[in-house]
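Some notes on the structure that comes next.
The values are calculated or read from the model by the stated rules, or taken from the named source; none is laboratory data. Remember, predicted model here, so these are calculated numbers, not experimental data. Backbone-built Cβ (ideal geometry, glycine too); neighbour counts: all protein chains shown.
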Amino acid sequence: MSKDKINSGESEGIFNDFIRNKLKNKIEDIIENGDFEDNMSDVIIEVNDIKPPIFTFGGQGEGGSGKGPGEGGEKLRFSFPFEKFMQFISEKLQLPNLTKEGQGKIKEVSYEFKTFGPNGTILDKKRTFKRAMKGSIALKIYDPENDKFEIQIRKKDRRYSVPKRVEKPKYKAVCFYMGDVSYSTFGERLVLEKKIVNFIYNWLNYNYGRKNVDHRFFVHDWEAYEVDSHEFFKADVSGGTRASVVFDLVNDISKNEYDISTTNYYGFYFGDGELFGNDADDINSMLKNGMDEIFNRIGVVEIMPSSYSNLLSTISKNKFKNTKTSKVNNKSEVVKTIRALFGT
């Protein structure tokens, strides 16, 4: 039997493993070339270069075979739960789970089937069978040496999964997205920025739970102001630029609108890095004087920087604990940037 040929009795589980392994190898390509949008529902993925295995149907001696989808140039469509897809990404990119700090005062209640008892509604077949097997051996009705193969399941053998109330701390997180709308945020620059922002948005939701994360968007030219997520990706052609004002605004909001002891802070800045005067030094001072310590992670990304870009070079003079930097010039560097922002 060839390696792509799967027996029908095992086909479903093996085919799912086959597809999962193929998709894990395509994770970076999906992030770089796909539209990784926020929906928190099933992730639909289309691929056209996965050769599906050949299935055989029926029992021994019964013929029949079938070709899977995707042959003849057709695309294969796969639906994955959001949580599972993000787990694939975490494993492939080797991203550590985000550290959840704070006191976690809000409780998240769930029911997990971790205990087992003689009464209930969900029968645990494995435990029931083991008890029935032991009882049948003791009663000598299961005795293979004497051609006795009866397994009797008595009422007292039955074991049921019993839900147990579990309370877990639910952590609050806020993410501030900061963007420079005075530079040429159009075309490839805007596409690159959106890919990274969409990943961050989903990654935080995956780690904390969608309802536990505030996503707030800020833009700046000469002044800074808060916008909605759609306005964040719209370009402006205004002339002047001063990035320190958006850091100052976010720093002020983080201290006055959230409880530092119970909130996990994230902030990510995107721009071409071309700053003038003392602007880069002012940002550096804010990071040194509290922001880097308060925030779980601050990311500063130069999108297609020029030879005049100086923000990262200024920040890199210091060894910050929680501030990470990266440059991205094309889509092939998107995954590298994600690793730089969230790696240890």
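State yes or no: is D281 surrounded by 17 or more Cβ atoms within 10 Å (Cβ to Cβ) and farther than 19 Å from K194 by Cα? For D281, the condition - surrounded by 17 or more Cβ atoms within 10 Å (Cβ to Cβ) and farther than 19 Å from K194 by Cα - is not met. Within the range 267-316, being within 25 Å of the chain's Cα centre (by Cα) and of a type in the set (D, E) holds for D292, E293, E302. Scanning the range 287-335 for residues that are under 27 Å from I260 (Cα atoms) and in a loop (DSSP other than H, G, I, E, B) yields F295, N296, S316, N318, K319, F320, K321, N322. The set of residues in the range 100-123 being closer than 30 Å to E293 by Cβ and modelled with pLDDT under 85 consists of E101, G102, Q103, G104, K105, I106, K107, E108. Of all residues in the range 135-155, those that are farther than 25 Å from D124 by Cβ have Cβ atoms under 8 Å from Cβ atoms of residues that are assigned to a loop (DSSP other than H, G, I, E, B) and at pLDDT 85 or above, 6 or more apart or on another chain, in K148/K140; K148/I141.
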